[in-house]
Amino acid sequence: MELKNRQMRDIYVDLLIHYAEQYPELVIVEADLMKAAKTTLFYEKYPERTVNVGVAEANMIGVAAGLSNMGKLPFTHTFTPFATRRVFDQVTLSVTYAGLNVKMTGSDPGIMAQLNGGTHMSMEDVGLMRTLPTMVIFEPVDGVQLANIFPQIINHVGPVYTRLLRQEFDPIFEEGTTFELGKAKTVIEGKDVTIFATGIMVKEAVDAVAMLKDEGIEAAVINIHTIKPIDVEAIVEAARKTGAVVTAENHNIINGLGSAVAEVLVEHHPVPMQRVGVKDHFGEVGKKDFLMEKFGLKAKNIVVAVHAVLAAKQNKQK
């Protein structure tokens with residue numbers, strides 16, 4: 001499967017079609033966004049395994065739950081806010097409480113809704129979904145990671161929420177790199193501070209490392225692609241090694257990756273920590289670069305956070 005120079009949605013639909021050949025129970029349930037996700041290609045191949053409920057996202061989850069109860073393996077798709085906050089009760093009762101095996105995809109996470117504006121920007125989807133028992137939350141960085149973990153999502157018994165970028169992605173990992181659902185992945189080694197990053201913020205973290213290196217600071221970057229269940233062992237090990245932590249996420253800093261990492265650290269190994277992300281704010285209309293600058297999601301913001309935790313670390317050692 002070609003992974004370079006492609007949009008994430010192209011890889012996503014190719015994976016659906018590919019694994020549908022191996023898993024006859026795999027079906028998709030859509031809410032009138034098939035062109036946006038390019039799942040029209042799946043429909044052309046498997047029309048009898050495609051359900052489009054129209055603009056009725058709660059019904060989409062209910063239909064998917066029913067299909068799962070009948071032994072099917074349903075994948076649902078809609079934009080991130082409609083995949084979480086609009087259908088939260090249905091996901092809670094019809095999927096997680098009922099113990100059903102539904103794979104839910106929310107596309108255009110955080111600021112990546114761009115010109116669709118604040119109504120389509122979910123800065124709280126991770127927070128909502130991680131409160132639900134048994135829910136797995138996965139956010140791929142690039143096509144290599146998505147393709148490698150996709151069969152693990154299929155074979156995982158239970159609900160999975162994938163936070164999926166639709167557009168072009170920054171390639172981070174070499175083809176052939178392997179990943180494990182629920183296990184963090186080291187991107188760059190470092191001894192002075194650890195940056196835990198997810199999604200589009202991994203590239204910003206990598207860029208921040210280059211800036212910090214010019215100052216003589218060696219920062220590690222660890223990709224938390226599975227926000228729930230979070231890799232407690234990797235977080236604690238990194239905190240013990242570097243003694244300072246920064247998190248970077250395309251999400252509200254409340255109840256997202258930063259909160260999840262903070263919970264681990266305060267219970268196991270407290271160290272100075274800063275969270276880079278959206279500071280408790282709704283989204284707005286704009287292009288990616290403008291919005292990243294507006295909400296403080298750039299590499300330079302990570303650098304500022306690193307300086308803060310290193311100062312706190314130094315004071316702690318006195």
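Do me a favour and compute the ellipsoid semi-axes for the chain from its Cα gyration tensor, root of five times each eigenvalue, largest one first, whole Å.
34, 19, 18
Of the chymotrypsin sites (Phe, Trp or Tyr not before Pro) in the stretch 243-315, which ones lie in a loop per DSSP and count no more than 13 other C-beta atoms within 10 Å?
282
Please list, by residue number, every one of the trypsin sites (Lys or Arg not before Pro) in the stretch 180-245 that is coil in DSSP and has at most 12 other beta-carbon atoms within 10 Å. Please report the intermediate quantities before stating the final value.
Numbers: sites: 183, 185, 191, 203, 213, 240, 241; in loops: 183, 191.
Sparse-neighbourhood loop trypsin sites (Lys or Arg not before Pro): 191.
Below 22 Å, Cα to Cα, which lysines can residue 241 reach? Residues fewer than 8 away in the same chain don't count.
Excluding near neighbours in sequence, the set is 183, 185, 191, 213, 313, 316, 318.
Hey, in the GNM for the chain with a 10 angstrom Cα cutoff, which one of 55, 246, 126 fluctuates hardest?
In this elastic network of the chain, the residue with the biggest mean-square fluctuation among 55, 246, 126 is 55.
Just need the relative contact order of the stretch 1-160 here, percent rounded to a whole number, with Cα pairs under 8 Å and 6+ apart.
Working: 240 pairs, mean separation 34.8, N = 160.
Relative contact order of the stretch 1-160: 22 percent.
Over the stretch 185-317, calculate the relative contact order: mean separation of alpha carbon pairs under 8 Å at least 6 apart, over the residue count, as a percent.
28 percent
Plugging the Kirkwood radius over Cα pairs into Stokes-Einstein for the stretch 185-317, at a temperature of 20 °C and a viscosity of 1.002 mPa s, what D comes out in µm²/s? Could you put the intermediate results ahead of the total?
Numbers: Rh = 14.5 Å.
Answer from the Stokes-Einstein relation: 148 µm²/s.
Which residue, 176, 305, 7, has the largest displacement toward the positive end of the dipole of the chain when charges sit on each Cβ (Lys, Arg +1; Asp, Glu -1)?
Going by the Cα projections, it comes out as 305.
Identify, among 58, 128, 115, the residue whose Cα sits farthest towards the positive end of the charge dipole of the chain, taking +1 on the Cβ of Lys and Arg and -1 on the Cβ of Asp and Glu, with the dipole about the Cα centre.
Toward the positive end, the furthest listed residue is 128.
So for the pair residue 214, residue 2, with labels modelled 7 Å out along Cα→Cβ, what separation do we get in nm?
3.7 nm
Could you give the size of the charge dipole of the stretch 8-164 about its Cα centre, using +1 on the Cβ of each K and R and -1 on the Cβ of each D and E, expressed in debye and rounded to the nearest 20?
Using only the charged Cβ atoms, the result is roughly 140 debye.
With springs connecting C-alpha atoms under 10 Å apart, model the chain as a Gaussian network and identify which of 305, 98, 20 has the largest mean-square fluctuation.
Taking springs between Cα atoms under 10 Å, the residue moving most is 98.
Mean separation of Cα pairs under 8 Å and 6+ residues apart, divided by the residue count of the chain: what relative contact order is that in percent?
16 percent
Readers should treat all values here as calculations from the given coordinates under stated rules, not as data from a laboratory. All values derive from a computational prediction rather than experimental measurement. Cβ sites come from the backbone with ideal geometry, for glycine too, and all protein chains shown count toward neighbours.
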